[in-house]
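Here the structure comes first, spelled out in structure tokens, and everything after it is commentary.
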Amino acid sequence: MGPLTSPSVIREVMERHGVTFTKALGQNFLINPSVCPRMARLGGAGPGVGVLEIGPGAGVLTAQLAQMADRVVAVELDGRLLPVLAETLAEYENIKVIHGDALKLDLGRLLREEFGAMPVVVCANLPYYITSPLVMALLEQRLPVESVTVMVQKEAAQRICAGPGTRQASALGVAVAYYSAPKLLFSVSRGSFLPAPEVDSAVIRLDIRKAPDEARFFAVVRGAFQQRRKTVLNSLSAALDIPKEALGPVLAAAGVPQNARAEALSLEDFAAIAGGLGSPGA
Ligand code: SAM
């Protein structure tokens, strides 16, 4: 079989299995050969790593991930694509395709059963209609994953990556910033897909924060604002009863200047301080 980024190869294998592209399922398959290797590499696929993919389609990204990572589990909703994937991914022994709806599956259980203690990243070219619910489900369930690297519509990427305090800030963006450090990696033009969608896309990576527990996060927020005219160092030290000598290095590690006041801190700053206070030795 020729490369899976070749439109004629994809069309041929789909036709042979009687599958047509279904717009309602967001079926736009990648045909730009440079995108999958870049996405897999920047998404953290590598030796010793497991990858969860949502929506393998005809398997173009799945194959790339399997070449770089130890194990790939791909969840595909469209049952018609299963025989296609069985053919296109036949040479890989480290891939498991699961027929299911990523929004309905118990992903925590799936990760435990499929990957055990292996570090796991999520890497997927998402069907656009599930972007928000899926990203939020992945984050809110506090799944044991290191990062989530996904292709989404460019506008959604910009919204998701616009943190609190920016003009483009949105509820989704603030929630994403609470759970992760988001980064827009690169843009992908609409011509990189078969069929071509109406808008351009972009790949984003969300590095999951080592979750400060919520109680600690809000204790830090309250403590920082308790004496808002004072520096965060002084206010927090008094509110949380932590000596300044111990708190100083935590602020430094979080990138917060010693003389900063609470109102100047971003949501990420609060989360980083809370995370630092929870780490061993702090
Ligand atoms: N990964 C392939 C690629 O990059 O060429 C296909 C990506 S395509 C944008 C999205 C894929 O997600 C389709 O194969 C579609 O059938 C599948 N899909 C749609 N909704 C899904 C859901 N709720 N759960 C799992 N897969 C889904």
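Summary of computed values
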read-out	value
Residue tally, condition more than 19 Å from ASN28 (Cα to Cα) and either touching a Gly at 6+ places or on another chain (Cβ under 6 Å) or basic (Lys, Arg) (or both), over region 71-102	2
Matching residues in region 18-66 - criterion: being of a type in the set (Val, Ile, Thr), in contact (Cβ under 8 Å) with a residue 24 or more places away in the chain and closer than 15 Å to LEU81 by Cα	VAL19, THR22, ILE54, VAL60, THR62
Single match in LYS183, LYS154 (criterion: without any contact (Cβ under 8 Å) to a residue 40 or more places away in the chain and surrounded by fewer than 20 Cβ atoms within 10 Å (Cβ to Cβ))	LYS183
Matching residues in region 116-152 - criterion: being in contact with a strand residue (DSSP E or B) (Cβ under 6 Å, 6 or more places away or on another chain) and either within 14 Å of the ligand (Cβ to nearest atom) or at positive phi (or both)	VAL122, CYS123, ALA124, ASN125, LEU126, TYR128, THR131, LEU138, THR149, VAL150, MET151
Restricting region 61-87 to residues that are of a type in the set (Val, Ile, Thr) and surrounded by fewer than 24 Cβ atoms within 10 Å (Cβ to Cβ), the residue that is nearest to the ligand (Cβ to nearest atom)	VAL75
Region 159-189, subset farther than 20 Å from GLU140 by Cα and in contact with a helix residue (DSSP H, G or I) (Cβ under 9 Å, 6 or more places away or on another chain), residue farthest from the ligand (Cβ to nearest atom)	GLY165
Residue among GLY44, GLY55 that is more than 13 Å from the ligand (Cβ to nearest atom), buried (at least 21 other Cβ atoms within 10 Å of the Cβ), of a type outside the set (A, V, I, L, M) and within 19 Å of the chain's Cα centre (by Cα)	GLY44
Conditions (1) outside any strand (DSSP E or B); (2) out of contact with any Phe, Trp or Tyr (no Cβ under 9 Å at 6 or more places or on another chain); (3) more than 9 Å from the ligand (Cβ to nearest atom); number of the one not met by ASN32	(2)
Qualifying positions in region 88-104 - crowded, with 19+ Cβ neighbours inside 10 Å and more than 11 Å from the ligand (Cβ to nearest atom)	LEU89, ILE95
The lone exception for MET39 - which of (1) crowded, with 22+ Cβ neighbours inside 10 Å; (2) in contact with an Asp or Glu (Cβ under 9 Å, 6 or more places away or on another chain) it fails	(2)
Whichever residue in region 1-29 is in contact with a Pro (Cβ under 8 Å, 6 or more places away or on another chain) and outside any helix (DSSP H, G or I) and, among such residues, is farthest from ASP101 (Cα to Cα)	PRO3
Selected residue (criterion: surrounded by the most Cβ atoms within 10 Å (Cβ to Cβ)) from residues of region 7-22 that are among the polar types (S, T, N, Q) and within 13 Å of the ligand (Cβ to nearest atom)	THR22
Which listed residue is under 22 Å from VAL9 (Cα atoms), touching a Ser or Thr at 6+ places or on another chain (Cβ under 9 Å) and not β-branched (Val, Ile, Thr), from ALA40, ALA66	ALA40
Checklist (1) crowded, with 20+ Cβ neighbours inside 10 Å; (2) over 21 Å from the mean Cα position of the chain (by Cα) applied to ALA196, failing item	(1)
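No value in this document is a laboratory result; all are computed from the given coordinates. All values reported here derive from a predicted model rather than from experimental measurement. Virtual Cβ from ideal backbone geometry, glycine too; neighbours counted across all protein chains shown.
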